[in-house]
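What follows is one structure encoded as structure tokens, with my remarks underneath.
The values are calculated or read from the model by the stated rules, or taken from the named source; none is laboratory data. Since this is a predicted model, take the numbers as computed values, not measurements. Reconstructed Cβ throughout: ideal geometry from the backbone, glycine too, with neighbour counts over all protein chains shown. Calculation scope for accessible area: heavy atoms of the full protein, side chains included, ligands and nucleic acids excluded. Shrake-Rupley method; radii C 1.70, N 1.55, O 1.52, S 1.80 Å.
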2 protein chains.
Amino acid sequence: MTQAHRSGCPINLSLEVFGDKWSLLILRDMIFGGRRHFREILNGSQEGIASNILANRLKRLVDLGMLTKRDDPTHKQKAIYSLTEPSIELVPIMAALGTWGSRWLPVTEELSIRARVLGEGGPELWDRFMAELRQEHLGIPADPAPDGKTVRQSLQDAYLAVVAGSCTV
Amino acid sequence: MTQAHRSGCPINLSLEVFGDKWSLLILRDMIFGGRRHFREILNGSQEGIASNILANRLKRLVDLGMLTKRDDPTHKQKAIYSLTEPSIELVPIMAALGTWGSRWLPVTEELSIRARVLGEGGPELWDRFMAELRQEHLGIPADPAPDGKTVRQSLQDAYLAVVAGSCTV
DNA sequence: GCCGACTGCTTGCATTTTGCCACCAGTCGG
DNA sequence: CCGACTGGTGGCAAAATGCAAGCAGTCGGC
């Protein structure tokens, strides 16, 4: 079942997991957007993924152990997708990508503020964020946030502050 | 000329630059392998990139400002590809990818030792490495290495030590 | 001055992947 | 029992990829 890897290099193998245009965006939306359902991901993404691609990628990510899928008890047709430990540990990579992209690419202010906050927070903030994700997706208890605000909420607040600011000129 | 980005999100824009199976591997070989010529990259890669794909990606990376191309004075047909500041600053991303891949994917020992050394070296080592790359590719003078050994040489030594060790059982 | 190896590509063609759009069967709330 | 919503499928055209061969110019050695 091991489908012939091109090489045993960690960077190459990482690319074989999420080196396409969509997989990492799905994981991004799940990590930062808290999305867990098919339609949430489908309609929530800024980039407009097609439903067949989304279905394909979700299946693939489950097969690769990056996600798990289970039934939603509240709705017989609903599926809940959860992050696994490997995908939770993508947070530092997301942070690095966000920092690099914000520096060198034509990002929009609203969408890059999260990346900046996360980058400036450094490893301690990433750890807190990953602990929150473990609680949310794996059921592992985490210490409550010191300031009573989750990291995701802090990122969201920063985002909303920018959006509000850009309208109230 | 701005070819309609899918969104202004830094992670999405980063993926638009190197979210394919080859671009990042080319940059990896240039950064860690010191490769500067077409054939060097073509034949040196573990993964076996095709020449038409390589030509396409090099052109694309030059257009995107991730590489520059100039003539080699020693051979009228040779081209020298150089990293630019944005691509040099991929080092932390490479390190994060390498660390993550080494932890979660079936890497081979020889090819992941570099990633481990780089990951354990942390930001100070990355900075030294980036300074070396700036000297090599941009002509910006760098302080000599404190132990007289370049970071790339250190990584290479670690690699060779593993290769030797796995043979002398 | 001539041959063989090397330079950075290009071309052609089969296969795979993507993107777009419509559609579906089951389910839930009102 | 209707209309909105659930996680997807299927069809089809367009684009990207993979593979192999080839190409014009250049260089080193003899």
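Just a few scattered comments:
- Test: residue in the range A:99-106 that is crowded, with 23+ Cβ neighbours inside 10 Å and in contact (Cβ under 8 Å) with a residue 60 or more places away in the chain: no
- B:Pro146 being away from DNA strand D (no atom under 16 Å from the Cβ) and within 14 Å of another protein chain (Cβ to nearest Cβ): no
- Matching residues in the range A:127-161 - criterion: being modelled with pLDDT of 95 or more and among the β-branched types (Val, Ile, Thr): A:Ile140, A:Val151
- Selection of the range A:46-62 for residues being closer than 24 Å to A:Leu138 by Cβ and within 14 Å of another protein chain (Cβ to nearest Cβ) yields A:Arg57, A:Leu61.
- Elements of type helices (runs of 4 or more DSSP H) contained in the range A:9-95, each with 3 or more residues being without any contact (Cβ under 8 Å) to a residue 12 or more places away in the chain, of a type outside the set (Val, Ile, Thr) and open to solvent by less than 30 Å² (accessible area, probe 1.4 Å): A:10-18
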